[in-house]
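Presented below is the structure to which this report refers.
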Amino acid sequence: AMAEGHCISSMKSNSAMRTYHCLYTTALHSTGGVSFPDKPGIYSPFNDVILTNNTVGYVMAKAYFPLDAPEKKILLEASHFFPLPGDPSSDAYE
């Protein structure tokens with residue numbers, strides 16, 4: 001689930017164009033039962049709506065795993081993100 005969302009902007013050197021991303025706190029869960037903390041940056045248009053806390057999402061991303069993971073965060077470069085709104089703790093959530 002995604003939580004603690006906030007948006008940032010960045011500017012490439014030699015360009016006046018800004019790029020916007022929303023950052024969230026989450027974790028990746030491996031099939032081996034290990035969880036890795038993560039803070040993915042997801043491309044977001046200017047003034048986009050930040051997801052509510054605990055929104056579940058399907059993320060397609062390139063991943064960088066540092067040699068000392070899980071102590072250091074894994075870096076995800078999201079290429080696609082599909083939020084699945086609703087309350088995952090609800091019995092009616094599918």
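The values are calculated or read from the model by the stated rules, or taken from the named source; none is laboratory data. Note that this is a predicted model, so its numbers are computed, not measured. Quick reminder, even Gly has a Cβ in these numbers, built from the backbone with ideal geometry, and neighbours come from all protein chains shown. Keep in mind that these areas ignore ligands, DNA and RNA; they rest on the heavy atoms of the full protein, side chains included. Shrake-Rupley method; radii C 1.70, N 1.55, O 1.52, S 1.80 Å.
Tabulated values for the structure
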| quantity | calculated |
| --- | --- |
| Condition check for THR19: more than 15 Å from MET2 (Cα to Cα) and either open to solvent by 40 Å² or more (accessible area, probe 1.4 Å) or touching a residue at least 24 places away in the same chain (Cβ under 8 Å) (or both) | yes |
| Identity of the residue in region 39-94, under 14 Å from the mean Cα position of the chain (by Cα), farther than 19 Å from GLU4 by Cβ and not hydroxyl-bearing (Ser, Thr, Tyr), that ends up least open to solvent (accessible area, probe 1.4 Å) | ALA63 |
| Qualifying positions in region 44-73 - part of a strand (DSSP E or B) and farther than 29 Å from SER90 by Cα | LYS62, ALA63, TYR64 |
| Extreme residue, nearest to SER79 (Cα to Cα), among residues of region 10-38 that are among the β-branched types (Val, Ile, Thr) and over 14 Å from the mean Cα position of the chain (by Cα) | THR19 |
| Residue identified as surrounded by fewer than 12 Cβ atoms within 10 Å (Cβ to Cβ) and either among the aromatic types (Phe, Trp, Tyr) or without any contact (Cβ under 8 Å) to a residue 12 or more places away in the chain (or both) among HIS6, HIS29 | HIS29 |
